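Here's the structure we're looking at; comments come further down.
Since every read-out is calculated from the coordinates, none of them should be taken as a lab result. Predicted model, so just to flag it, every value in this text is computed and none were measured. So basically every Cβ, Gly included, is an ideal-geometry build from the backbone, and we count neighbours across all protein chains shown.
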Amino acid sequence: MLFAASLLLHAAGGARHATARAAEQGEGPVSLTGYLGSATFWFESMQNWQSEFLSIGVLVVLAIFLRQRGSPESKPVDPPHQEGVEPPVTSA
């Protein structure tokens, strides 16, 4: 839902900007659907989403790397419950 909303808001703002540029050159207004089909819209959208996917990818890779056992950046891991526990003492 957020993806669709951001795409539509980008298209609406871009269509307004394209209409302002077209008016400066004496051309007619650009419709929202016309701007959605333009190469400019898709070029801008892919550049924006490419940077978002890159940053999320870096976060995922770093999260995996930093959580590896033995990594100097990882938190110490407690031993399993069975390890280090002495058997109960029974009285005879």
field: ALA20/TRP42 FRET efficiency (R0 22 Å; Cβ-Cβ; nearest 0.05)
entry: 0.65
- prompt: What is the packing order of peptides 44-53, 7-16, taking the mean over residues of other C-beta atoms within 10 Å and listing the highest first?
  reply: 7-16, 44-53
- prompt: When only C-alpha pairs under 8 Å and at least 6 residues apart count, what is the relative contact order of region 2-66, in percent?
  reply: 25
